[in-house]
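To start, the structure under review is shown below, and the notes come after it.
Since every read-out is calculated from the coordinates, none of them should be taken as a lab result. Please read these numbers as outputs of a predicted model, since none were measured by experiment. Note that each Cβ is placed from the backbone with ideal geometry, even for glycine, and that neighbours are counted across all protein chains shown.
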Amino acid sequence: MMATRLAIKKAVSVKNEIANDFIILAADTVVSQQDLIFGKPTSKNLAIEMLTQLSGKKHQVFTGIAVRHKGKIHSSISETNVYFKKITTEEINYYWDTGECHDKAGGYAIQGKGAMFIERIDGSYSGVVGLPVFECINLLTLLGWKYFSKNSG
């Protein structure tokens, strides 16, 4: 899956001198609908095109995560189905003007004003935001990290 490959690439890009002493956590999110991949819109026209395509339909959000520690990499993927309401051109123009969609895969942020477009999700809310908590905890647990310990914060 593309999102996992990108997350692993990010984790591997950290210099060994740093990665050997720390746990490196990397993630990447991909929005897709059928065979289309939606990146981050680079213009208003592209944002309008993306949001129009998502309007009134279901799409998938995949967030790949990779954990690198002591030369080993573990990875996982979160998949969520997101259902958009039918969006008007006026709503899309308003949303573009907020600036929120400029650097978001698929052109929207579920954790912000983009939530107004979402009827429901099947899957992980935190995965759609871009860091799936459940999968992260599972990978960190593989490394011996314990969430419910005095040192976990």
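Values as computed for the structure displayed
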read-out	value
Meets criteria (touching a His at 6+ places or on another chain (Cβ under 9 Å) and of a type outside the set (A, V, I, L, M, F, W, C)) for Asn20	yes
Among the candidates Ile23, Ile92, Ile65, Ile48, residue that is farther than 28 Å from Phe117 by Cα, of a type outside the set (D, E, K, R) and surrounded by 13 or more Cβ atoms within 10 Å (Cβ to Cβ)	Ile23
Strands (runs of 3 or more DSSP E) completely within the range 1-117 that count 1 or more residues being touching a Cys at 6+ places or on another chain (Cβ under 7 Å)	24-33, 58-69
